[in-house]
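Below is one structure; the comments refer to it alone.
Nothing in this text is a laboratory measurement; each read-out follows from the coordinates by a stated rule. What you are looking at is a predicted structure, and each value in this text was computed from that prediction instead of being measured. Virtual Cβ from ideal backbone geometry, glycine too; neighbours counted across all protein chains shown.
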Amino acid sequence: MSGQRIDKIISFTCQFLNHVAEKWETTVPHDNLPPAFGNAHKWVALVQQILGGIQDQWRANRLNRDDTAILEALESTKAAAQNLSAVFRAIENAAETDRNGRYEEFLRTPNATGIEVALFQLLQGPHELIDECIIDATVDQAHEVTEAIKELKLLQPSTPMNQTAAVAHYGRGGLFSNPGSGRQNVNMRNGTQYNSERMNLAGRSNS
């Protein structure tokens, strides 16, 4: 893998995350929004720290350059950062009392990703790299990522009013997405893609 490519992915990811951090500050308070908004800035800062560590380790030749898991995780993290940035763009110009309505409107747009899913995806790549000892991280970083994942699993995902929003499966290595019209794509970390016209979630079907 090219070090330049790794640097580029991390750079783009951090640009999206810097935007999120900036807009998080300008949209405080988040009382009228789903609970995941409250800790978004903390988790974004955590991922930025871990990405900085990955970059340093890569440049110091301390990572296995043949391990494709690093690139896969970084690409996934970049996509999640972009989705998270889109969430905050949707509400950034709304008045405090209008933000939840603007967010719900955003969820009804094609291929929208709710904040809980975007944050989970953002943390999932770094979490797996740390958990599998592919990268080095501090004890605090490892603990905070694990706790964040646990907390996000407990949060009720925002529910869009159509079937076009992305949905994440909160399981190791697997990602469920909904590109629209009720069709479900399931992408496992081994590269296998499963397609399904129907998916049950909490006893409900989106047929």
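Below, the figures for the structure above:
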{"read-out": "Rel. contact order, % - alpha carbon contacts under 8 angstrom, at least six apart, segment 3-158", "value": "32 percent"}
{"read-out": "Estimated FRET transfer efficiency (Arg59, Val28; beta-carbon r; R0 30 Å; 0.05)", "value": "0.25"}
{"read-out": "Distance between modelled label sites at Phe12 and Asn93, nm, 7 Å Cα→Cβ extension", "value": "2.6 nm"}
{"read-out": "5 angstrom amide H check on Thr113, placed H, neighbours 5+ away", "value": "Ala166"}
